[in-house]
Each structure stands twice: as structure tokens, then as C-alpha cells.
Amino acid sequence: MFPIGLIAVCFSAALYLIFSLLPLKYNDISFLTIFTHYLIAVIYGIYIISLKFYKKSKFSLDNTIYCLILFFISCFELNKSLNLFNSSVDWLNIYIIFSCLSLIAITIAPNLLKKYIGLVIFCLSASSILFLYYAIYLFPLYIISLPLLLVLGLSIHTYIPFALLLTTYIKIVQLIKENNNLNKYVMFGLLLPIILTASYVFTFNLKANHINKLYSESQINHSDKLPEWIYIAQKLDLDFFTTKVLKTSLLYDFSNGQFNWFDTPNRNLDEPKKHDPLVVISTFFTRDLQLDDDIKLKILRLNSHSRHKTQEKLWSGDNLEVKDITTNVELYPSLRIAYTEKEISIHNISSNSWRNQQEALFTFHLSPGSVATSLSLWINGVEEKAALTTKSKADSAYRQVVGVEARDPSVLHWQEGNTITVRVFPCTQEEDRKVKIGITSPLEIYDNRLIYNNIWFEGPPTYGAEERIKIKIMDSVKNLDLSNKFITKDNKTWTSSGRYQPNWKIEFDVLPILANSFSFAGYRYAVQELKQAKEKFEPSHIYLDLNSSWNLNEFESVLELFKGKKIYVSDNRFVNVKDHNRQYLFDKLTKLNFTLFPLYQLQNQKNTLIITKSTEIGPSMDDLKGSNFFETLKSGKFDKLYVFNIGKEQSQYFRTLAEFRTINYCLGSIYKLKSIVQNKEFAVLNTNPNEVEIDQANIKIIKDQYSNSKNTAPDHLKRLFDYNFILQQVGTNGLKTNYYNERLVRLAEEANVVTPFSSLIVLEKLEDYERFNIKKNLNGLQNATLKSDGAVPEPHEWILMIVIAAALIITIWLKKSVYFSISK
């Protein structure tokens, strides 16, 4: 009997793994798999009952164990559809396997295991706690499941954990009767998971109470300018347990006495909901958080690694994966720019028709100064190019088409912190969706080397995704270093294929800038070496932006550097740092996770230096919208302010202000700060409207009247110029939600660049563009493409070419007419 039961369990477990874990395209549920698991368990149950009644064999508890484990596997298969609890966390999966193996082991080799009977008893006792948990969790369904047994036999699954608990108890009692002195192993097996659970619940409770305490304090102590949740987030340690507490109800099942019979898409976090017994038990013994879900999300979003997962989604994307990626890169070393196209194929791995339509969300991380310049979506097998329009129109069209009409669009939006988001809908099982984006970027210069960093993204899982890379280098370079496995035939085009790797780069020696340009609409765009403008600077007021990223040595070094000058810190108000309060202020302010320096409170901006340092944690400008702080900030002018960052990380706050060219911003070490102080010079913003500076490439792009100079540079020069010029002109107006400047919008359309107020969108039909009043600018640059070199003909040149072509046609026609006349 044992081999039959063991074979049945192994077969059922293998089937579960095949359809759940191994081939991802089968990882959703179907009626066939539910029926198969249930049928295996029922047939084996009938078989062992028949042995008892027809063959008069002795009742075997071991046979019962195999039958219950088969039903236990069937429980989890059925749960994928009914969703009594969400997918198990990793440690729970291990615990489930451990418990089942413990029961199976005692049936296979009871005599062999007698040598380790203490360990066996310990394992069975620990397993009983798991079965007890599931039995209690499903207890509310016991009564309703009784009548359903007669109608739907599937409701028998409700009682399986209790049956396993009872069977395990009987087995432990049998073993204790056969062996002496085993009570201590039973106690140890029972107490270990209970003690671990109690410790977890205690810590969970402490963190929840601390959050509620901070919430109460925020009602009294928070700044009138900042929202209450900022006060909480500044003082809250976003460790493992705090994150668990905040994600309860957003991501984890919790104790509320209710069952979610059918899975609903989780639009709050871009990851599937999970079942963690430790969280469920903890919430039973813990007071509810006073924070609503919106505040929880805002706090979780402070961590840059969680920002993508907390983006709003109109549809779920839990069953999507990236199938393959094609990356094409064109490098222009003598111009220090690059153009990248990424074509991504998205596969829907669901097999349920009711989960057919899903939304893919990507966040692309760009190098500083980069701009999105093209978007394409394949509709019915045909590549459809995007149209550039205002962000508000694109967002309105996308929400209407996706949220209401559920048809094909894709939209690309600008985001703070050198990122863009791309949304694609619908992604179905019928066909893989294909989307392509184009990014124009400056190369990074470091230690006399030019560096191209791959554009990586967050989005649907990429495990198993294949990537094909093609890199074309337009100039001859020296000391080329490729961080991936590339091959070449001509030292100009390099290719690679294999598993997707997000982090790779290309390096080579710096080349002299080529005297080349691109012309459009009467203007020429060319690259020159950057000689950054500096002005005399001797600050009289020093402000330290203290937070948890500072260490005492940095604090003391800055105080020593500016000894004799007025030094302040912000502690709800500006406080002058003196010998008697320096340590107190440092200890107090370095407990804050992040700070938002109140620039608008500064009275004298001209001779003011702000010294800051940041962690990865901090709000974006978008998070602050609606607050008094944000409203005051967006109406201010800070072009005379000087900000120096002594760390490697940049806060979203200062990085966005620097992107909009609203502050004179410099990044470097304390040694660089000392050099600035000694030389009494600070790099300042270039206010020349015909020049844009791109620091990381050490270049500036100039715009002047059209000339007959060499004119074979790519149109990316104009795109980069206009994008950076727009940010420079926008200033703090870029923080406004509905900011609209007709001149800058037209400029973005002319260059086809995505900005804080312009987006790219692909719609299914021409009528959709007309309905939302989205029109392509036919007189400007279109979506960027590979090999887009050479100047676009000027309007007068188009007219000249048309006139010449017409003259040629007329001349040929006249000659033919004369010839036929003579012939006649």
C-alpha cells in the first residue's frame, strides 16, 4: 500500500509544481488541474476505504496520512481559484513542505527513524502548529461547508487542515506510547513556533504602536506647511517590520474575519497579494493603524526602490512577464551623445479568460540629461508611431480608452529624477504586445573616458527574458571596454545575445569634439567643449541641511571650514549653531530620515550657501502636491541660491530643483567644497538662451543662425538642446500641475521631446486622435529613429525642390510632345 500512496503523492506534488512554478506560462489555475488533483485524492480515498470493507484489511493510519496529504495539495490548487488566502510567502511554503515530509517520513521508514525518534517527534509537533493555524483560519467556513458537502464535494477541503491536525496528534500519541521520555521533544516542537510567533507579534505590535504614536504627535507638532505624513515619515525607521506593518491590507492578508472569495487586482502595489500567517496573527493582537491606505502608500513610496511598485494602475498586471528585448544603440563619440531604442515584448502568462486584459507598467531609469524622443506600439501586427501632445490630453485620452473603453493605447510620461513611465494596454494571452521607446542621451565623461550606461527598467518580471543588443559606434575609438559579451566583424558594430542583464556599460577614451552641426528651420545646432561659468562667491550665511545621512566628522569639518561665519540649521525655524548647542542639534536632526529645506524662508539669497547631504529616502515633488509647502515653493524664485551636496546620493527634492535650473547646484566631496571656499568661486547657471550646458558630458550645445558649415550631425542635437532649454525656461513653473506655456509646448512638439508638460501617446484609430484633439506637428521632427543623421530640409528648400521637380516634369513632357509632333 505504501508505494501506491507515495506514488500518488509524488505525482500530485509534481503536477502542482509543473503548473505552479516551473513553466511560467502555466502558472495560473484551470478547471483541469483542479479536477485532476481532486480526482487523485478521491480515487485514493475510495481505494483505501474499499480495502477496509471489502478485503477486511486492518485500518492503517499511514494510508490516511497519504490521503490527507493528497487532499492538502488539492486544497492549494483549489485556492488559486477561490482565493480563501492569497499566495503563500516563501517561509510558509518551506513550512508546508517540511510538515508534509515529516508525516510522509514516519510512514516510509518507521524502524529506521526509531534511532532519531526525538527529532521525529519534534518535527511532527512543529507541523501540528501549522495545521492548527489553517484549521482555525478556516473555522468560520465549517458550518456553511456542511450542507455543501452533499451538493459540492469540493467543500470537503475546508476540513482537511483539522483532519491533518487530528491525524498528527494521534500519530504523536502512538509514538509516545511506544517510546519513553519523549514529552520534552513534544514540548520543544510545540513551543518553538509559538515562541517565534509571539516574538514576531510583539515586535509587530511595537512598530504599529510607534506609528500610531507618531500619527498622534503629527496632529500637534507638524509644520503648517507640510502634510502630516511627512512628519511621520521623517521619524519612522523603514525597516523590515515597519514595512510589513505598512503593507498590511495593501499587500498581505490580515485578520478581519472576512474571506475574499475571488482574487481582485491589486492596483495599490505592483506585486501580487500574499498570505503570511505571522502578519495575520499579529493583526489579530494589534490595534488598527490610524493611517489610511493613501498615507501608507506615500510613506512606502519614499524609498526609491518602492516608487515604481506604488504607481497607480488602472488594471492589474500580475500575470505579465517580459519575453524578450531588442536593444539598438547608436554612439556618437565625437559629439558625446547616444541614441537608444528598446523594443520589448510583453507576454501574458495567465490562462484564465476573466483575467485576459492586463496593463503593463514600466519605469525607465535614464542617465542625467536624457530625453524620451520616440514611442511605438504594435497594433494588429503593425507598428504605430506615437503622437506628441500635452500631458493632460495624453493622460485624459489614456484613462478614457483604458479605464472605460478597454482598447489599445500606450502612453509615455516624464517623471522626476531622470525617469519616464510607459504604460501598455491591453496585454492578453492571444498575442504578445510589443512596444518600443527611443531615448536620446548625453554620454558621461569621467577620468578622461566616455561612458555609456545601459538604460534599465522596472516592470513585469524579466526572469527568462532574452535580449539582443546591437551597438553601432559612429567614430573610431580607442581602448574600447565592453562589460558584456559582444562580438564584432568590423570594430564598428558590436552584437550580443543572451539572458537580459540590466547593468552593463561601454567605455572608451574621450575624442575631440567634431566640428559638425544639425540644421532646422533656419537654425544650426552644434556641440562645443564646456567651460563652465563661475562667479565670485563668498557666502556670509551658511545653512546645514542635517539628516540621518550626515556623520559627526562631516558636521565638524563643515563647522571648522566656516568658522567665524553665521551657521544655521532648520529645526522648524532657523537656529544659529553655537558651541553650546551644536551637539544637541546634531543628535536631534540626524534622527530624521530626510529633510525638506524651506528655501522660501531665506531672507538673503545672494550670499547664502546651503550644504546638504541625502539618503535614498525622500518624497518627490509629486508627493508634496497639494501641501502649503509645495504651493509656496512653486511660486518662489531661487536662482540666486547656492546649494552644495557633499554626498553621492541626491534627494528627489534638490534633484528636481536642479533639473529645472532653479538653483545653482553643485555635487562633490568636502574637499571640493574646501576648494570652492578657498578660490571664492561657484559654478553658476548659464542664462544664455542660445546655449544649454550638459555637465556630465562636459559639453554645451549652441544654437545660432543657419550657416553653410558641415551639416551631417544627427537631429538628436536639436532634441537635446530644446529639452534642456525647456527645463531651463520652465523653472519652478514646472512644479505646477496644469502649467501650460504655448511657446514651450510648440517647441516640445517641434523637437518631439517628452517634458513635464508633454507626453507621447499611441491610440488605436485615427478617430481617437481627432476625438481627443491630438494633432501631430507635421512641420517638426517626428519620432526619433536609428540613423537619423543629416539635416532636415528647410521650408524654402522644400519649395525649391518641388519647383525643380515640377520644372523637370514639364520639360520632359514638352520634349516628348515636340518629338511626337515631328514624328507625325
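A few remarks follow.
- Residue list for region 147-168, filter: in contact with a Phe, Trp or Tyr (Cβ under 9 Å, 6 or more places away or on another chain) and open to solvent by 80 Å² or more (accessible area, probe 1.4 Å): Phe162, Leu166
- Options Lys591, Lys563; residue that is modelled with pLDDT of 90 or more, part of a loop (DSSP other than H, G, I, E, B) and under 25 Å from Leu300 (Cβ atoms): Lys591
- Residue in region 97-106 that is part of a helix (DSSP H, G or I), polar (S, T, N, Q) and under 25 Å from Phe35 (Cβ atoms) present: no
- Positions within region 693-714 being at positive phi and either in a helix (DSSP H, G or I) or surrounded by fewer than 16 Cβ atoms within 10 Å (Cβ to Cβ) (or both), in sequence order: none
- The numbered conditions (1) modelled with pLDDT of 90 or more; (2) within 24 Å of Ser620 (Cα to Cα); (3) of a type in the set (Asp, Glu) are all true for Asp695 except (1).
- The residue that is nearest to Gly438 (Cα to Cα), counting only those in region 449-505 that are in contact (Cβ under 8 Å) with a residue 24 or more places away in the chain and of a type in the set (Val, Ile, Thr), is Ile455.
- Residue match in region 465-483 (condition: open to solvent by 50 Å² or more (accessible area, probe 1.4 Å), over 27 Å from Asp318 (Cβ atoms) and modelled with pLDDT under 90): yes
- Residue in region 748-768 that is at pLDDT below 70, part of a loop (DSSP other than H, G, I, E, B) and among the aliphatic types (A, V, I, L, M) present: no
- Residue count, region 173-182 (criterion: part of a helix (DSSP H, G or I) and open to solvent by 20 Å² or more (accessible area, probe 1.4 Å)): 5
- Residues (touching a Gly at 6+ places or on another chain (Cβ under 9 Å) and either within 26 Å of Gln729 (Cβ to Cβ) or among the aromatic types (Phe, Trp, Tyr) (or both)) located in region 655-691: Arg655, Thr656, Glu659, Phe660, Arg661, Thr662, Leu667
- Glu383, sole failed condition from (1) open to solvent by 50 Å² or more (accessible area, probe 1.4 Å); (2) under 30 Å from Ala697 (Cβ atoms); (3) assigned to a strand (DSSP E or B): (2)
- Among the residues examined, Asn690 qualifies as open to solvent by 70 Å² or more (accessible area, probe 1.4 Å), in contact with a strand residue (DSSP E or B) (Cβ under 6 Å, 6 or more places away or on another chain) and without any contact (Cβ under 8 Å) to a residue 60 or more places away in the chain.
- Of all residues in region 62-91 being in a helix (DSSP H, G or I) and of a type in the set (S, T, N, Q), the one that is surrounded by the fewest Cβ atoms within 10 Å (Cβ to Cβ): Ser81
- The residue that is surrounded by the most Cβ atoms within 10 Å (Cβ to Cβ), counting only those in region 640-663 that are in a loop (DSSP other than H, G, I, E, B) and of a type in the set (Lys, Arg), is Arg661.
- Residues of region 559-594 satisfying the condition of being out of contact with any strand residue (DSSP E or B) (no Cβ under 6 Å at 6 or more places or on another chain) and touching a residue at least 60 places away in the same chain (Cβ under 8 Å): Leu561, Asn572, Lys591, Leu592
- Selected residue [of a type outside the set (D, E, K, R), open to solvent by 80 Å² or more (accessible area, probe 1.4 Å) and over 20 Å from Leu443 (Cα atoms)] from Ser497, Ser519: Ser497
- Within this structure, Ile97 passes the test of being out of contact with any Gly (no Cβ under 9 Å at 6 or more places or on another chain) and loosely packed, with under 13 Cβ neighbours inside 10 Å.
- Whichever residue in region 278-305 is closer than 30 Å to Ile194 by Cα and of a type in the set (Val, Ile, Thr) and, among such residues, is surrounded by the most Cβ atoms within 10 Å (Cβ to Cβ): Val279
- Filter result (more than 15 Å from the chain's Cα centre (by Cα) and of a type in the set (Gly, Ala, Ser)) within region 410-465: Ser410, Gly438, Ser441, Gly464, Ala465
- Only strands (runs of 3 or more DSSP E) whose full extent lies in region 311-379 are considered here, and the ones with at least 3 residues that are open to solvent by less than 10 Å² (accessible area, probe 1.4 Å) and closer than 22 Å to Leu786 by Cβ are 320-332, 337-348, 371-379.
- Residues in region 510-529 that are at pLDDT 90 or above and part of a loop (DSSP other than H, G, I, E, B): Val510, Leu511, Pro512, Ile513.
- Filter result for the condition that a residue is outside any loop (DSSP other than H, G, I, E, B), modelled with pLDDT of 90 or more and of a type outside the set (A, V, I, L, M), over Glu535, Glu507: Glu507
- Residue pairs whose Cβ atoms lie under 9 Å apart, separated by 6 or more positions or on different chains, with the first residue in region 215-237 and basic (Lys, Arg) and the second in a loop (DSSP other than H, G, I, E, B) and open to solvent by 60 Å² or more (accessible area, probe 1.4 Å), are Lys235/Lys591.
The values are calculated or read from the model by the stated rules, or taken from the named source; none is laboratory data. Keep in mind that what you see is a predicted model, and the values were worked out from it rather than measured. For neighbour counting, all protein chains shown are included, and Cβ atoms are generated from backbone atoms with ideal geometry for every residue, glycine included. Each accessible area value is taken on the protein alone, full model and side chains, heavy atoms only, with ligands, DNA and RNA left out. Shrake-Rupley method; radii C 1.70, N 1.55, O 1.52, S 1.80 Å.
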